[in-house]
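For reference, the structure is listed below as structure tokens.
Every number in this text was worked out from the coordinates using simple rules, so none of it is lab data. Here the structure is a predicted model, which is why all the values come from computation and not from measurement. Cβ placement follows ideal geometry from the backbone for every residue including glycine, while neighbour counts extend to all protein chains displayed.
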Amino acid sequence: IEDYGKRCEAERRADCYFNVGSLYEEAGELQKALNYFEKTLALNPRYEKAFYNIGNICAKSGDFKKAAQHYEKALAIDPYSEETYLNFGLLYVEQKDFERAISLYQDALRKLPRSANINFNLGFVYETAGKITQAMSYYREALKFKPDHAEAYFGLGNCFAVQQIWREAGWNYYDAIK
């Protein structure tokens, strides 16, 4: 990675810096990754993935405020980034701020209405918040767009189990593993 980083220093290209940052992030060297993502943004302040990756690193480090700021910047550049919405919403879930997570995912669905993953995450937030009926609705939506979404079947199984509808719970758990 270091050699590649030295070559990037000579070339001074945003995509090169970004790639080195990604390699360092994958290797778990988060401070070095951050440095390279910052260099990416110095050359290209609209490099959406750099903001997204910095947001992920900040979230891993427990700096939720900074993570949220970087996710917001990423979405300002690409308001249709499913992965940014997914991680941004989970950031709020980690903080047990379910209302903000729900609001964010609902905004995402206005832009990406056929996203199985956003529908699933919205179901997960509702389930975590104890709103089972809403959770089931979004899990079913996720399955409409991705019929083999195992996690959505598992979520439905959990919702039926909470309601003590064991047969339906069992069928959904079965569908999750088949």
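Observations on the model:
- Here the gap between ARG12 and ALA150, fully extended at 0.36 nm per residue and compared with their Cα-Cα distance, gives a gain of 45.3 nm.
- Measuring nothing but how far apart in sequence close Cα pairs (under 8 Å, 6+ apart) lie, relative to its length, region 47-87 scores a relative contact order of 41 percent.
- Only helices enter this figure: runs of n ≥ 4 DSSP H residues, each worth -39500 (n - 2.57), summed and divided by the residues of the chain, yield -25500 deg cm²/dmol at 222 nm to the nearest 500.
- Once both labels are positioned 7 Å from their Cα atoms along Cα-to-Cβ, the gap between GLU99 and LEU30 label points is 2.9 nm.
- By the beta carbon rule, with partners counted only under 4.7 Å, the chain holds these lone Cys residues: CYS58, CYS159.
- Only lysine pairs 8 or more places apart, or on different chains, with alpha-carbon atoms under 24 angstrom apart are counted in region 25-154, and they number 28.
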